[in-house]
1. Straight-line reach only, C-alpha to C-alpha below 28 angstrom: list the lysines that K188 could link to, leaving out same-chain residues fewer than 8 apart.
2. Can you pull a Stokes-Einstein diffusion coefficient for region 210-251 at 4 °C (1.567 mPa s), Rh from Kirkwood over Cα pairs, as a whole number of µm²/s?
3. Calculate the spin-label point distance for N1 paired with Q93, positioning each point 7 Å from the Cα along the beta-carbon direction, and give it in nanometres.
4. I need to check one value: relative contact order of the chain, counting alpha carbon pairs closer than 8 Å and at least 6 residues apart, in percent.
5. Going by how many other Cβ atoms sit within 10 Å of their own, how do D30, D198, D287 line up, fewest first?
6. To the nearest 20 debye, what charge dipole does the chain have about its Cα centre, counting +1 at the Cβ of each Lys and Arg and -1 at the Cβ of each Asp and Glu?
7. Need one number: nm distance between label points at N212 and E25, each 7 Å from Cα along Cα→Cβ, rounded to one decimal.
8. Which net charge results when you count Lys and Arg as +1 and Asp and Glu as -1 among the other residues whose beta-carbon is under 14 Å from that of F68?
Amino acid sequence: NDTLYQAIVKRGRSYIGTAVTLRNETKELDIMKTEFNSMTPENAMKWESTEPSQGIFTFADGDRHANFAKENGLQLRCHTLIWHSQLPLWVSQGGFDNATLIQVMEDHIKALATRWADNCNQWDVVNEALNENGTYRSSVFYETIGEAYIPIAFRLAKKYAPKALLFYNDYNIEDNGNKTAGAVRIVKLIQSYGVHIDGVGYQGHLTSEPTNTNPGSAPNQATLEAALRATADLGVDVAYTELDVRLNTTTVNEAAIARQTAVWENVARACLNVKQCIGMTVWGVSDKYSWIPGVFKGEGKGLLFDDDYNKKEAYYGFKRGI
Ligand code: XIL
């Protein structure tokens, strides 16, 4: 009776991970240690958490998470260096010119990458650079530096985190549409600069039925696989990095649960069918602390364990797919 990570390791892949916010919750901590062999700090390594004012670095929470990984033998996916969100105003509204903003990026990347040089197995170097139609998202980085900010970030990450696998990470690229094409363009852009990229992270914040915030539902297994291959064919690894499969919480019934379970199974099968898919991370242990209800009104119940830490149908579906 293998746990999740034991099952995927037997299939020759590297890990099953979870997002982690450390809190006094014994059952959650137990599951983190038994079901998972990797973790991603949910917020502790983001820019607002690590450099709230220019040059003032606050590493205590990131250290706590990095130490937890080390003490419990978990791999660590470090998240995230360059992102438009959870970015302090001193960066987004600092009015820096091109050269100065590149220096600000270098100072930040250098500080975090060297702090956790022996801890991070992976880094999400750039997060969410794309709009839904595959064009570049407007951000202080894009507006000031242009698309070159992406290869520049990867060049700096390689310089200061030479041991970590370096990922581009985004959401809604799981269905092989225009946004996936944008991710393909980003990988090619980085490679065209002669800069190293190891992988593309498919966040995987999915729905299994139409919701207010997503009129569609999750792609089928063939489409999930095609989307993974779209970037993997360029010579990089791929991974699911932030999986949840949310429901409309007011209309949960057996059919809804069955559809949700099938999505979890399809996701796992898609990863296992693509040889470059190195592992999968779910975005939290239990529904109790999931970010979904706070951000997507009326939606939730997207994880593998319920509020009382019981395994859900979703857990068994995911496990079947592994
Ligand atoms: C979310 C966290 O789960 C929340 O606790 C926080 O309030 C907002 O960010 N894409 C990402 C993650 O890359 O960092 C986000 O995490 C979810 C969407």
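Computed from the coordinates by the stated procedures, all read-outs in this text should not be read as laboratory data. Fair warning: this is a prediction, and the values are worked out from it, not measured in the lab. In this analysis, Cβ positions are derived from the backbone assuming ideal geometry, glycine residues included, and neighbour counts consider all displayed protein chains.
1. K46, K110, K158, K159, K163, K179, K275
2. The Stokes-Einstein estimate is 104 µm²/s.
3. Those two pseudo-labels are separated by 5.5 nm.
4. 16
5. Listed from fewest to most nearby Cβ atoms, that is D30, D198, D287.
6. Values: 32 positive and 38 negative charges, 158 e Å.
For this selection, approximately 760 debye.
7. Simple spin-label model gives 2.3 nm for this pair.
8. Details: positive: R23, K33, R64, K70, R77; negative: E25, E28, D30, E42, D61, D63, E71.
So the surrounding residues net to -2.
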